[in-house]
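A.B. asks: Please read through the structure below; I'll follow up with questions.
The values are calculated or read from the model by the stated rules, or taken from the named source; none is laboratory data. The shown structure was predicted, so the numbers you read here are calculated from the model rather than taken from an experiment. Glycine also receives a Cβ, built like all others from the backbone with ideal geometry; neighbour counts cover every protein chain displayed. Each accessible area value is taken on the protein alone, full model and side chains, heavy atoms only, with ligands, DNA and RNA left out. Shrake-Rupley method; radii C 1.70, N 1.55, O 1.52, S 1.80 Å.
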Amino acid sequence: MKMIAAQTRQTRNNTERISPNTRRQEMGSAFLRQIILLICVFFSGIFISPPASGAGSQKADSLLNIIHHSADDTVKVQNIIRFCQEVRFSDPEKFLFYSKAGLELAKKLNEKSAEGRFYNFIGKYYETTSEFPVALKCYLQASACFEQSKDSTSLAYVNIGIGNVHYMLKNYDEALKSYLAPIPYLARIGDKPGIARLYNNIGNIYYSRDNKPEALKYYQQSLKLKIEINDQEGVAYSYNNIALVYSDSGNFQDAIENFLKALVIRDSMGDTKAISASLNYLSSAYIGEKDFVMALSYAQQAIEVAQKANSQFELMSGYQNLLEIYSAKKDFERAYESALTFISLKDSIYNETTTSQIAEMQAKYENEKQASKILLLNKDKALQDAEIRSQTNQKYIFIAGFIFALILLVLAIFSYRKIKFQHNIIEEKNEELNQRNEEISNQRDEIEKKNKNITDSIKYAVQIQKAILPTKETIERLIPDSFILFRPKDIVSGDFYWLAEKHGKVLISAIDCTGHGVPGAFMSIVGNNILKQAVNEFDLSSPDEILNCLSRGVNETLRQQTMHESEVKDGMDLSLCTVNREKMVMQFAGVNNPMYIVRKGEVLICEPEKYPIGEPFHDEFYGYSHKEYALEKGDALYLFSDGYIDQFGGPNRKKILSKRFREILVSVQHLSMQQQRTELIRVFDEWRGGIEQYDDVLVLGIRI
């Protein structure tokens, strides 16, 4: 399944800023208010209410009324349980508040079964907020209470919660024990829906452990029970899980069959979000089957339905499928467009998730702040009784207290004036420090976000760049006894290699575009497209003609500015040869990069020309030329960029240079081509040591 992980960072960007003068005024008045509050506490009991109710249901309001006016604590406990069940999903903060209040009351009454219910409620809350260690602790306390009260039904269901938390913590052995334990009891009481969910959960464990046969077994048992109880939504999910197992096993036909069954059910239910998910799964399965026509059809349908359902996640998944489809079909323009839309949707979902999580954290903070008042709720009745019994005594206490309060107030004002000056200075310094920290934090967060977006975009560009390189099958067919050493300096590369076949000749080239990283990668795409055009559209097969075509194409593509604009100075160095194995003849043309022929321990250097690719031809340079060489069986041809030769290292931190590179090539001639590649890598890494790689590295070796 496709998942997006989102990280929440709490900031203070929207917090109103208060000037130091205003703070000092508020601090003084707040201090006096605290003194007055102490006086009020001295004279009367204070009851602090739980969080204010939202637009709750009539039943919830009725239960609250009973809770606050009942004199019987046992009745209170039972109604708090009913109230928590009523507001669990509609008001999570109130659900947690009253669960904790009910727990304290149940402990006071020593009602173990009720105590277990409240521990279970609190565990459910923390499981929902992904605080799994806290949730597990609450579930285990609930289990102990149910065992003491011999409440078998509640014990069975709390085991499911324990299993869920262990599963999320990847404690799969413990999760499996917790899921298996309640099945016999649920079977005795005839709870088929509960057993069906447990079978599905057990299947998830085996799926996570990559034990596909066991996962499939339990998913099918879950499906059987869901069909018996006519749980259509559950049946659709079971078909979906079964299909995922088949898909991961490479059995795409059975996966497609089960995805279609799920789609039919979801279509009949009218669940547009689930329909778009099923369409995306079908598209992914057909991608695995390499049936890109059907994959494209389902991806486009998924996007259309996801737009109607306003499902950003499924819309993102649809464009991700389009990216894979167009990349596989080598339709790079549409692949690039799909990648841009996919990245945009991913960023949008990340921002929405972050905002939601910040809101949840704020709500949790408010809830925890109110939770400290739970004990006062339990003492409400006792305070009211004490007030009635002490009405007479309070008259005398009031007089003594009033005198005490006046003395306390005078002392407080005197103390406040004494420390006011020092406190104001400290407050101003703290305010300045907080503002500076906030600015630094905001700048760091913005930089991290931009860096992540840039890195993600470049990683997706890697897939597009890889798609322009010759496939493994093409390499094995055209140059079977060969190796390719390709090591980019950055995520994407300015070096690339190119193969083609024309008029009985094999065309081979190693190209080094200006720079490395993203600029070089863009140039590599331009160069690859022009080379393909020269061979496929213009029917060229001679190295010099192909270089002439490449130079004109680069000039037209990158230098179309007017005479008042600065010209683009990008270009490329390369070596290009054609090999005719029947006639044992090679033709070579190059720009700045030579080519080596190693024959019987000697190195023949094929010298390149110096005129840059992309510069316009003129009277002194009419075009490139090629040289022809007779080949012998056993010759080794080497085409390369300057990355290997220019690498710094060795005992004196110098470059490898051309002479040493030729000596290395001669020394590996007794090895197979793949062994030569391994040895070249070893020598390169040993020479480089701890020094950073200087440039993109590309070496092609071909045995005749």
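A.B. asks: Q669 to Q300: extension gain in nm, 0.36 nm per residue of separation minus the Cα-Cα distance?
C.D. replies: Working: separation 369, 0.36 × 369 = 132.84 nm, distance 5.34 nm.
My answer for the length gained is 127.5 nm.
A.B. asks: Once the Cβ-Cβ distance between D61 and E333 is put in as r, and R0 is 60 Å, what FRET efficiency do you end up with, to the nearest 0.05?
C.D. replies: About 0.50, to the nearest 0.05.
A.B. asks: HN-Hα J couplings of segment 290-307 from phi, Karplus 6.51/-1.76/1.60, θ = phi - 60°, integer Hz, Gly and Pro as x?
C.D. replies: Result, ordered by residue: 6, 9, 6, 5, 5, 4, 5, 4, 5, 5, 5, 5, 4, 5, 4, 5, 5, 5 Hz.
A.B. asks: Also, quick follow-up: Pull out a ≥ b ≥ c, the square roots of the eigenvalues of the alpha-carbon gyration tensor of segment 202-297, then state rounded if a/c is under 1.5, prolate if not and a/b is larger than b/c, and oblate in the remaining case.
C.D. replies: Oblate, since a/c reaches 1.5 and b/c is not below a/b.
A.B. asks: In whole percent, how big is the carbon plus sulfur part of the accessible area of segment 574-635, probe 1.4 Å, protein atoms only?
C.D. replies: Carbon with sulfur: 51 percent of the solvent-accessible area.
A.B. asks: K226: which aspartates and glutamates have alpha carbons under 17 Å from its alpha carbon, excluding same-chain residues fewer than 8 sequence positions away?
C.D. replies: Partners within reach: D191.
A.B. asks: Which residues' amide hydrogens lie under 5 Å from the amide hydrogen of D635, considering only partners 5 or more residues apart or on another chain, with H built in the peptide plane?
C.D. replies: Close amide H contacts, sequence-distant or interchain: I704.
A.B. asks: Quick one: which of 64-76, 83-95 comes out on top by average Cβ neighbours within 10 Å, and what's the full order, highest first?
C.D. replies: Result, highest mean first: 83-95, 64-76.
A.B. asks: Be a star and scan segment 107-151 for residues whose amide nitrogen sits under 16 Å from the point 7 Å along the Cα-to-Cβ vector of K170.
C.D. replies: Under 16 Å, as judged by backbone N against the label point of K170, lie 132-133 of segment 107-151.
A.B. asks: How much length is gained on full extension from V585 to H69, taking 0.36 nm per residue of separation minus their Cα-Cα distance?
C.D. replies: Here the segment from V585 to H69 would lengthen by 175.5 nm.
A.B. asks: Per 0.36 nm of contour for each residue apart, how much would the distance between N251 and F398 grow if the chain were fully extended, relative to their Cα-Cα spacing?
C.D. replies: My answer for the length gained is 44.5 nm.
A.B. asks: May I pose another question? Using r as the Cβ-Cβ distance of H618 and K502, and R0 as 30 Å, what FRET efficiency do you calculate, to the nearest 0.05?
C.D. replies: Working: r = 29 Å, r/R0 = 0.97.
Working from the Cβ atoms, E equals 0.55.
A.B. asks: Continuing with this model, one more query. Using Cα pairs closer than 8 Å and at least 6 residues apart in sequence, work out the relative contact order for segment 167-240, in percent.
C.D. replies: Worked out over segment 167-240, it gives 25 percent.
A.B. asks: Using Cα positions and a limit of under 15 Å, work out the aspartates and glutamates in reach of K137, with same-chain residues fewer than 8 apart set aside.
C.D. replies: The reachable aspartates and glutamates, counting only those whose Cα sits under 15 Å from K137, are E115, E127, E174.
A.B. asks: Roughly how many percent of the accessible protein surface of segment 59-99 is carbon and sulfur, given a 1.4 Å probe and a whole-percent answer?
C.D. replies: About 50 percent, which is the carbon plus sulfur part of the accessible surface.
A.B. asks: Right, something else. How much net charge surrounds Y172 when only other residues with a Cβ under 13 Å from its Cβ are counted (Lys, Arg +1; Asp, Glu -1)?
C.D. replies: Around Y172, the surrounding residues sum to -1.
A.B. asks: A further question on this structure: Cβ under 10 Å from D696's Cβ, D696 left aside: what net charge do those residues give with Lys, Arg +1 and Asp, Glu -1? Spell out each step's value before the answer.
C.D. replies: Details: positive: R487, K489; negative: D490, D495, D512, D642, D695.
Residues near D696 contribute -3 overall.
A.B. asks: Specify whether the C-alpha gyration tensor of segment 591-704 places it in the rounded, prolate or oblate class, a ≥ b ≥ c being the square roots of the eigenvalues: rounded for a/c under 1.5, otherwise prolate if a/b is larger than b/c and oblate if not.
C.D. replies: Note, shape of segment 591-704 comes out oblate.
A.B. asks: Mind listing the long-range amide H neighbours of V585? Cut-off is under 5 Å, sequence gap 5 or more, other chains count too, H placed in the peptide plane at 1.01 Å from N.
C.D. replies: N580, L631
A.B. asks: Determine the sum of side-chain charges near P480: Lys and Arg each +1, Asp and Glu each -1, restricted to other residues whose C-beta is under 14 angstrom from that of P480.
C.D. replies: So the environment of P480 carries a net charge of 0.
A.B. asks: Quick check: from the Cα gyration tensor, does segment 59-119 come out rounded (a/c under 1.5), prolate or oblate?
C.D. replies: Here segment 59-119 falls in the oblate category.
A.B. asks: What ranking do 332-339, 494-501, 651-658 get when scored by the average of other Cβ atoms within 10 Å per residue, highest first? Mind showing how you got there, number by number?
C.D. replies: Working: 332-339: 17.5, 494-501: 23.1, 651-658: 12.4.
Ranked from most to least packed, the peptides come out as 494-501, 332-339, 651-658.
A.B. asks: May I ask which of K212/K273; K170/K466; K107/K192 have a Cα-Cα span longer than 29 Å here?
C.D. replies: As for pairs spanning more than 29 Å Cα to Cα, those are K170/K466; K107/K192.
A.B. asks: Just to check I understand the Karplus step: with θ = phi - 60° and J = 6.51 cos²θ - 1.76 cosθ + 1.60, what whole-Hz values come out for segment 208-221, glycine and proline as x?
C.D. replies: Going residue by residue, I get 5, 7, 6, 9, 5, x, 5, 4, 4, 4, 6, 4, 5, 5 Hz, with x marking Gly and Pro.
A.B. asks: Based on the Cβ-Cβ distance of K177 and K108, what FRET efficiency does E = 1/(1 + (r/R0)^6) give at R0 = 35 Å, to the nearest 0.05?
C.D. replies: Efficiency for this residue pair is about 0.55.
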